[in-house]
1. Per residue Cα convex hull volume for region 114-158, in cubic angstrom?
2. Just check region 1-111 against the gyration tensor rule for me: Cα atoms, a ≥ b ≥ c as the square roots of the eigenvalues, rounded for a/c under 1.5, and otherwise prolate or oblate depending on whether a/b exceeds b/c.
3. Determine the order of 23, 31 by accessible area, beginning with the largest, at a probe radius of 1.4 Å.
4. What is the Rg over Rh value, at two decimals, for region 145-192, using alpha-carbon atoms and the Kirkwood definition of Rh?
5. For the chain, with every protein chain kept in place, what is the accessible area per residue (1.4 Å probe, Å²)?
6. With +1 assigned to the C-beta of every Lys and Arg and -1 to the C-beta of every Asp and Glu, and no other charges, what is the dipole magnitude of the chain about the Cα centre in debye, to the nearest 20?
7. Run the accessible area of region 25-107 with a 1.4 Å probe and give the carbon-and-sulfur part as a rounded percent.
8. With runs of 4+ DSSP H residues as the only contributors, calculate the mean residue ellipticity of the chain at 222 nm using -39,500 (n - 2.57) per run, divided by the residue total and rounded to the nearest 500.
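The values are calculated or read from the model by the stated rules, or taken from the named source; none is laboratory data. Remember, predicted model here, so these are calculated numbers, not experimental data. Neighbour counts run over all protein chains shown; Cβ positions are idealised from the backbone, glycine included. SASA here: full protein model, heavy atoms, side chains in, ligands and nucleic acids out. Shrake-Rupley method; radii C 1.70, N 1.55, O 1.52, S 1.80 Å.
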Amino acid sequence: MNSGDIALILLAAGRGERFGGGKLAANLAGKPLAQHAADCLRAIPLAGYFAIVGPDTPPLPGYQTSLLDPPGSPQSRSLALGIAAARTCGARAVLIALADMPLVPRSHFDAMLTLFDGDRLASLGPDSVMPPALFGARHFGALAALTGDRGAGSLLRDAPTVTLPEGTALDVDRPEDLIHAQHWLQTRTPPA
């Protein structure tokens, strides 16, 4: 599938409770945490760039943003808003990424886009199947109908995967995760 048929949905509305709040605006290597994933993904030519944001999300230049309403809604609500936005640009597939995963390299997204057959494709971390993930349009209804805060994992159980490079599957949930991300960006090696 051509990347011009794929819209990006960047999930950037998390509450950040385990972090103590304000996670996506936290400084990581001189810019807000969310900006790392946003900048990497914005450099890939796609049909549209949509971000579902919360009140504490920093500005994301180049993205069409939708405020999660009501704030604090579960991730399923963010996915539904993202799918609605992707439909507005005629996307035939979506790439779903998380703004609190700052270490996923451009090469991983490029590999995913190359291997995507139009159905589903997930990332494989050290312990599980996870985002970033790609879904063809035939899954838009199921994505929009999800409930709760579990995301699209149930739709990825038997999906093909692309292995994330070592150390890059970090999802910043706690302050110590931000320290690990800083270490990675400075050394390009996983923390001990």
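1. Hull volume over Cα atoms, normalised by residue count, gives 80 Å³.
2. oblate
3. 31, 23
4. Rg divided by Rh gives 1.10.
5. 46
6. 300
7. Of all accessible area on region 25-107, carbon and sulfur atoms account for 53 percent.
8. Helix contribution divided over all residues of the chain: -8000 deg cm²/dmol.
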